[in-house]
Amino acid sequence: MLSGKFVLLALALAGAGGLGAGVWANGRGHGFGSRGHGFGHDSAMVHKFVDFLVEEKLSEIGATEAQKETVRAVKRRLAAEGQALHADRPALREELLAQLAQDEPDAARVKALVRERVEAFARFADDATDALLEVHQALTPAQRQKLVAEARAYLEAHRGR
């Protein structure tokens, strides 16, 4: 059985987990980046945790050094992009609060701020999808089959959560 390792690896590689979602969750107060879940707001600890999970899964599937380096490069790229996306939050929050503090907020500006954020997340999701496909291509069919089978087993075991 898979436990959460593959899902975290897939999310890490896809940007929705330790790299994307982990950074995102860190700011939202959810997941392993939140208070009360062990890591607090320590992004270095989150990255170490993701590194450990990725390396463990790569070893389990017998990845070659070239495959490992491909995955590591993807992980670094997504981590940097996720951190940049997360770094913009305080400025966005302040501008939204400044608008809402006014008697008549500029509706067009508020909508533009939200739209910019949605578009930034959409770009990140596109990049994460490209990264996932890049990792897919780097793996052998047998490695991919093993990961997909483990993902299916994990999702089946956790259906309805």
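Read-outs: derived from the displayed coordinates by stated rules, not from any lab. From a predicted model like this one, the values you see are computed outputs, not experimental measurements. With ideal geometry, Cβ positions are generated from the backbone for all residues, glycine too; neighbour counts draw on all protein chains shown.
Observations on the structure shown:
- Gained length - Ser59 relative to Glu134, 0.36 nm times residue gap less alpha-carbon distance: 25.2 nm
- Magnitude of the charge dipole, segment 38-157, Cβ model with Lys/Arg +1 and Asp/Glu -1, debye to 20: 300
- Lysine pairs in segment 36-144 with Cα atoms under 19 Å, if 8 or more residues apart or on separate chains: 5
- Each residue, Leu97 and Ala125, gets one label point 7 Å from its Cα in the Cβ direction; the gap between the two is 2.8 nm.
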